[in-house]
1. Kindly list the number of the only condition in (1) closer than 29 Å to Gly178 by Cβ; (2) modelled with pLDDT under 85; (3) out of contact with any Asp or Glu (no Cβ under 6 Å at 6 or more places or on another chain) that fails for Arg123.
2. Are any of the residues in the range 231-239 at pLDDT below 80, of a type in the set (A, V, I, L, M), crowded, with 16+ Cβ neighbours inside 10 Å and assigned to a helix (DSSP H, G or I)?
3. What is the one condition in (1) of a type outside the set (S, T, N, Q); (2) in a helix (DSSP H, G or I); (3) more than 15 Å from Ile32 (Cβ to Cβ); (4) without any contact (Cβ under 8 Å) to a residue 40 or more places away in the chain that Gly141 does not satisfy?
4. Residue by residue through the range 181-200, note down the ones that are touching a residue at least 12 places away in the same chain (Cβ under 8 Å) and among the hydrophobic types (A, V, I, L, M, F, W, C).
5. Can you tell me how many residues in the range 46-81 are in contact with a helix residue (DSSP H, G or I) (Cβ under 8 Å, 6 or more places away or on another chain) and small (Gly, Ala, Ser)?
6. Which residue pairs have Cβ atoms closer than 7 Å, lie 6 or more positions apart in sequence or on different chains, and pair a first residue in the range 208-231 that is farther than 12 Å from Ala170 by Cα with a second residue that is part of a helix (DSSP H, G or I) and among the basic types (Lys, Arg)?
7. Take the residues of the range 130-145 that are buried (at least 22 other Cβ atoms within 10 Å of the Cβ) and farther than 15 Å from Leu200 by Cβ: which is farthest from the chain's Cα centre (by Cα)?
8. Determine the pairs where a residue that is free of Cβ contacts under 8 Å to residues at least 40 places away in the same chain, located within the range 97-111, has a partner that is assigned to a helix (DSSP H, G or I) and not hydrophobic (A, V, I, L, M, F, W, C) with Cβ atoms under 7 Å apart, the partner being 6 or more residues away or on another chain.
Amino acid sequence: MMSQDAYVTAWEQEDPAHSRTPLLTYLVGAFILITASASILPGWNLVVKGLGVLLVFAYSLRMLRTQLRPCGEVFVFVLWTLWSLMPLLAGNVPSVPLFQERWLTCVQMIALILILTLASETRGGVTVNLSSFLLAAVIVGGYSVYTGEYQLAEATRGGRVEGLAMNANAFAFIMFLGIMVMAFLWIVISRGGLAVKVLLAVGMLVFALAILASGSRKATLGAVAFIGLWMFLCYRRELIHRPGLLLGVALALAIGGQWSGKRC
């Protein structure tokens, strides 16, 4: 397994010619931002679909012109989607319209996976994609504060925050992924020094509180497990040589798990 230092070194030493971020990547960033934050709102779903069709067409042309090759997982998912047609061909489907609807969703997922894998071929593309999702998560969470939903949930200790996700579990999952994005940025961002680290730490804390406010057990336990594994795999040396820091992390994880059991 590649160590944190080795990964960051490989990230920073990437070939500059290969690391240039295509303009098309920023359109993917807009697609991610709208999809994760506003696609559930009336009218915005059509914008997402339109952008998706445009990006599939654009990346298909780019693949033909530059001979880009998607990762192997794309082909595996395509084969799985084709294999899932077997019940329909065998006539063993209770509801054909429902089956067709779900199968078309899988086809849309192929387009989404294709777009994101090709848009993440450079480190700039990865940063744009993840930053766009993080901004979307901020919008989703900020909406709950703007409307007073978060304050009401904290005051009553019984409400579940949904934000723009319009669903408590979906809201918590978005916050969880936001924490993962910030953990990634914590490792790879070398500029900004202590100020950036403090900002990311505060951001992860706020997102963790948002997960607790959602009342989602799975997202809470997932966040606790992820943060624990992240600290162990990336910073175990620092934790071993600083017992106070190790105790603080263990205490925070324990309190988070205990709070999730009481609130969820």
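1. (3)
2. Yes, that holds for at least one residue.
3. Condition (4) is where Gly141 drops out.
4. Listed by number, the residues that qualify are Val181, Met182, Ala183, Phe184, Leu185, Trp186, Ile187, Val188, Leu200.
5. 2
6. If the second residue must be part of a helix (DSSP H, G or I) and among the basic types (Lys, Arg), the pairs left are Leu212/Arg263.
7. Ser144
8. Cys106/Thr81; Val107/Thr81; Ile110/Thr81
The values are calculated or read from the model by the stated rules, or taken from the named source; none is laboratory data. Please read all numbers here as calculations on a predicted model, not as lab measurements. Cβ: placed from backbone, ideal geometry, glycine included. Neighbour counts: every protein chain shown.
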